[in-house]
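J.: This structure is in C-alpha cells; I'll ask about it shortly.
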Amino acid sequence: MSKLTTMSRSITLAAALSITISGASRAAEPNAAFEAVKKGGQLLLQNHAKEAVPQFDQAIKLQPNYARAYALRGGAFCALHNYKQAIEDCTKAISLDPKLALAYVNRSWAFNDTRQYTKAVEDCDKALSLDSSLAIAYSNRAHAYNKLGKYEKAVEDCNTAIKLNPKLHLAYTNRAHAHCGLGNYDKAVEDCNKAIDLDGTHAKAYATRAHAYSKLNKHKEAVADCDKALKLNPHLAAAYHTRAQSNEKLGKHEAAEADKKQAFKLGFREKTAGTTKEAGEKGSSATKEAREKATSPIKEAGGK
C-alpha cells in the first residue's frame, strides 16, 4: 500500500470521526480505563489507529467488561483492515452492552468491507433503532444497499444522512453511486463534486464521478478523474475498469488493455444482478490485497 493511500485514508478518518467521550463525568466507568479510552479516541482523531489500539488494550485490561473500549478498538482494527478482529471486538461489546449503538455501527463497517452486506444492513438497522440521529449509520446502510442493488433505498438513506450531517462526504459519494445505478449520471456528478469539495482526498468520489462522466461520454474527464483516484488509492479496481473503458473510446487501446488486466487482477468483475461482483466475496479464493479497498471506517463515539 502506498504512503499516499495510507495518508488519504487517515485524512478521511480524521475528517469524519466525531469523538464526544470527553466533557461528561463517567461515574460508572473506572477513571484510569476511561482515560485510556479517551487517549485512544484522540489518537484515532489524529489518524493514528495503530497507536490507539494499545490504549484500548489498557482500558480492557483495567476493566474487562468495558464495552465501549471493545467497540472503539473494533473501529481501530477496522481502520487497519483487520476485519476479523474488528468483528470480534464489536461482537464482544454488544454482548456486554446490547444498547451500545457505536458497536453496531463499527461492526457494520467491517461487514461492508468484507462484503457481508445483509449483515451490515442488519447492524445499521439496530444502531438506528437505538439512536436515529446517527448519520453514519444511514450512510453505511446506503453503501450496503448500493452493493445489493437497492439504489432507491440507498438514495433515501443518503438523503437522511445528509440532512443530519451536511458535511458527511461519504453520504454524497454513496448517493452518487446510487444515482449511477439509477442512470442519473448528472446528479451523480453533482454529488461527487460536493463530496470532493468536502474531502479532496476521497478516492472513491473521483472514481464514481469518473464512472458518471464515462456514461455521459465525457471520456477525457473520466480518465482525468481515474488518474486522481488511483493516485490516492492504487488499489481501486473500479477506477482501472472505468479508465479502460474511456481509453478504449478515446482510441488508446494499449492503455485500455493494460487497465483491464489490472482491474481484473485487483478483483473487478462485471456487473451481475444489480451489483458489481468483486474478488473477496464468500466462496472466492482471492486475497485481501486483491480486493478493491473500502474507505476507512468512521466512528461516532457518543455517550453511553
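Read the figures in this text as sums done on the coordinates, not as results from a lab. This structure is a prediction, so every number in the text was calculated from the model and none was measured. So basically every Cβ, Gly included, is an ideal-geometry build from the backbone, and we count neighbours across all protein chains shown.
J.: Report the calculated FRET efficiency for residue 269 and residue 220 (r = Cβ-Cβ distance, R0 = 25 Å), to the nearest 0.05.
T.: It comes out at approximately 0.40.
J.: What is the calculated FRET efficiency for residue 167 to residue 65, with r their C-beta to C-beta distance and R₀ = 41 Å, to the nearest 0.05?
T.: Working: r = 35 Å, r/R0 = 0.85.
For R0 = 41 Å, the calculated efficiency reads 0.70.
J.: May I ask for the net charge around residue 166, where only other residues with Cβ less than 12 Å from the Cβ of residue 166 are counted and Lys, Arg are +1 while Asp, Glu are -1?
T.: Counting the neighbours of residue 166, the net charge comes to +2.
J.: Also, quick follow-up: If amide H atoms are built 1.01 Å from N in the plane of the peptide, which residues on other chains or at least 5 residues away come under 5 Å of the amide H of residue 116?
T.: HN-HN under 5 Å from residue 116: empty list.
J.: Would the range 100-158 count as rounded, prolate or oblate if I go by the C-alpha gyration tensor, calling it rounded below 1.5 in a/c and otherwise prolate when a/b exceeds b/c, oblate otherwise?
T.: Oblate is the answer for the range 100-158, as a/c is 1.5 or above yet b/c matches or exceeds a/b.
J.: Something else now. Which ³J(HN,Hα) values, rounded to whole Hz and listed in residue order, are derived for the range 45-50 from phi using the Karplus coefficients 6.51, -1.76 and 1.60 in 6.51 cos²θ - 1.76 cosθ + 1.60 with θ = phi - 60°, glycine and proline given as x?
T.: Once rounded to whole Hz, the list reads 4, 8, 6, 10, 4, 4.
J.: In addition: Convert each backbone phi in the range 116-121 into a coupling constant with the Karplus relation 6.51 cos²θ - 1.76 cosθ + 1.60 (shift: θ = phi - 60°), then list the ³J(HN,Hα) values in order as whole Hz, x for Gly and Pro.
T.: 9, 5, 5, 5, 4, 4
J.: Taking a 31 Å limit on the Cα-Cα distance, which of the listed pairs 163/215; 218/260; 167/265; 167/228; 61/147 fall beyond it?
T.: Over 31 Å apart, Cα to Cα: 167/265; 61/147.
J.: Name the long-range amide H neighbours of residue 268: under 5 Å, sequence gap of 5 or more, or other chain; modelled H, no Pro or chain starts.
T.: Residues meeting the amide H criterion: 279.
J.: With the radius of gyration and the Kirkwood radius both derived from the Cα set of the range 31-99, what is their ratio Rg to Rh?
T.: 0.94
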